[in-house]
Each structure stands twice: as C-alpha cells, then as structure tokens.
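Structure first, commentary second.
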Amino acid sequence: KRLSVVRDDCVLIVAGSGEYEAELAHLISGMSNVIRVPWVDRTQLVQLLSVSDVFLYPSIAYGGWEEQFGYSMAEASLMELPVISTRTGSIDEVVRHGETGMLVTPSHADELFQAMLNLANDGTLRTRMGKAGRTYIAQHFSHEMVAQRFYHFFKTLL
C-alpha cells in the first residue's frame, strides 16, 4: 500500500545512503511524493527534522545484527517528532510504543502503513507523542543522566 494513495498531502523524504541505494532508486522511480536526499550535514539534518511531522526508521535484523542504540531516533524525539520504527534490537529503549511513537513488526509492511496512516490522520497524537518523546529522551539519555549512571557504576566498583 502507498500512503500517497490515501493521503495525497504526504511527502516522504528519504535521507542517507547505503548499500540499498540502487534498489531504493528503482522503488521510488516516478514517485513525485518521494524526495531523495543522499547525505545531509548536521545543520541540514536539523533543518530537515524541523520541517518534518514524523520520523520513520524501519529497521530489520540482518545476519545476526540488530539495531543498536537509535541515536537518530533520539535526535528526532528531541525535535518533538513522533517516531515510527520496528521492534528489533534496542529500539524499544529509545521509542516507547504508544507513548513516544509506534513500533511495528519488522518486515510487516501493513503494520508500517497503518502506523504511518494513524499519525498522518491525527495531529493531536503526533503532538502528544512528539512532546513525550522529547521529555523521555531528556530524562533518560541526556549527558547529565548518562554521566550520573557512569558515576554510580564506577562508585560501586570502588
């Protein structure tokens, strides 16, 4: 399913690069509602996030590898964007399903589509999840919180 069939006001911006670029280029060929940005620097990333309504980060396990700490998802949450991602690796430590975003089963396109549609159709939900995401990341992963955890950890070793 394509979200643009249901909602013609949605635009997908695909940012980043990797080994699937040729396949991605083929998949989005001719889609006027998809913008491809191969690389963005820090300033451009902030600008891109500031004009976005939702941060989409589907991840799948590959050859025993699963997503580690979702730094880009934490950045998006700090920009008050709800995050849609997959239940793989440690993503659920960064994205709280139903609170700061939505988690779907990896490789289940229908679940991903439904999560996108739900957030596209509900501005109040997007705002609530976005604000909750910023609060959650600040409370659990700020420099101060991480330093405090290290301090307590090393103190127990003494």
inquiry  = What's the magnitude of the charge dipole for the chain around its Cα centre, counting Lys and Arg as +1 and Asp and Glu as -1 at the beta-carbon? Answer in Debye, nearest 20.
reply    = 380
task = Compare 68, 44, 148 in a GNM of the chain, Cα atoms joined below 10 Å, and give the one with the largest fluctuation.
result = 148
ask   = Under the Karplus relation 6.51 cos²θ - 1.76 cosθ + 1.60, θ = phi - 60°, what is the ordered set of whole-Hz ³J(HN,Hα) values for the stretch 118-132, x standing for Gly and Pro?
value = 4, 6, 5, 8, 10, x, 5, 5, 4, 5, 4, 5, x, 5, 5
request  = With a cut-off of at most 14 other beta carbons within 10 Å, and DSSP calling the residue loop, which trypsin sites (Lys or Arg not before Pro) in the stretch 2-47 qualify? Please list them.
outcome  = 2, 7
The chain - mean residue ellipticity at 222 nm from DSSP helices (-39,500 (n - 2.57) per run, n ≥ 4, rounded to 500) = -15000 deg cm²/dmol
query = What Kirkwood radius, in Å to one decimal, follows from the Cα pairs of the chain?
reply = 16.9
task = Work through the residues other than residue 89 whose Cβ is under 12 Å from its Cβ and net out their charges, Lys, Arg +1 and Asp, Glu -1.
result = -3
request  = Give the long-range amide H neighbours of residue 53: residues separated by 5 or more places, or on another chain, with amide H under 5 Å away, using H modelled in the peptide plane at 1.01 Å from N.
outcome  = none
message = Placing +1 on the Cβ of each Lys and Arg and -1 on the Cβ of each Asp and Glu in the stretch 1-54, which of 44, 18, 6 has its Cα farthest towards the positive end of the resulting dipole?
response = 6
query = Of the residues 75, 66, 99, which exhibits the maximal mean-square fluctuation in a Gaussian network model of the chain defined by a 10 Å Cα contact cut-off?
reply = 66
task = Please work out the Cα center distance from the stretch 58-114 to the stretch 1-53, rounded to the nearest Å.
result = 17
message = Looking at the chain as a GNM with Cα springs under 10 Å, which of 67, 80, 144 has the largest mean-square fluctuation?
response = 144
task = May I ask you to derive the FRET efficiency for residue 75 and residue 27 from their Cβ-Cβ distance with R0 = 22 Å, giving the value to the nearest 0.05?
result = 0.30
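Read-outs: derived from the displayed coordinates by stated rules, not from any lab. Model, not experiment: these values are computed from the prediction. Virtual Cβ from ideal backbone geometry, glycine too; neighbours counted across all protein chains shown.
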